[in-house]
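Worksheet for the structure shown next.
Just so you know, all these numbers are worked out from the coordinates, no wet-lab data involved. None of these values were measured; they are calculated from a predicted model. Positions of Cβ are backbone-derived with ideal geometry, glycine not excepted, and every protein chain shown enters the neighbour counts.
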Amino acid sequence: IATEKHAGSAPLDTVDNYNQITEARKNADFVLVDAVNTDTCTSAEKSYFELDNHEIALSIFKEADDKNGFVVRLFNTSDKPQNVNLKANFDYKTVAETDFLEEPVKIINSFDGKVSFGPCEIKTFRFS
């Protein structure tokens, strides 16, 4: 978890991870936690997205600029093509792949969560 004062914790430092999550809960409506470190989560904590490939990083999750839905940006940290299953754990009616300005590039009529990435590719999705 990165903040203004802290660049994020070491992935294997569970004490630091726990302290950051605890502090973030005081200041945020939701906290994104990497699924690898599930021992720091409580059963009451809500995970908005699940990813099954650790080469794919979630870089943004925010309310859309027009307040109609949420935007999630993912990127492939690898120099090889990757596939991921992206599961949204909230209700939505439509999914669109967008550009960086949140303008739809492609409407996905039946979103099954399967997303393919080229090497180092960035993709942005809008859930409305």
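Per-residue packing, averaged as other Cβ atoms within 10 Å, sorts the ranges 92-101, 65-74 into the order 65-74, 92-101, beginning with the highest. Fully extending the segment from Lys114 to Leu58 would add 18.7 nm, taking 0.36 nm per residue of separation and subtracting the current Cα-Cα distance.
The Cα center of segment 94-128 and the Cα center of segment 63-80 differ in position by 8 Å.
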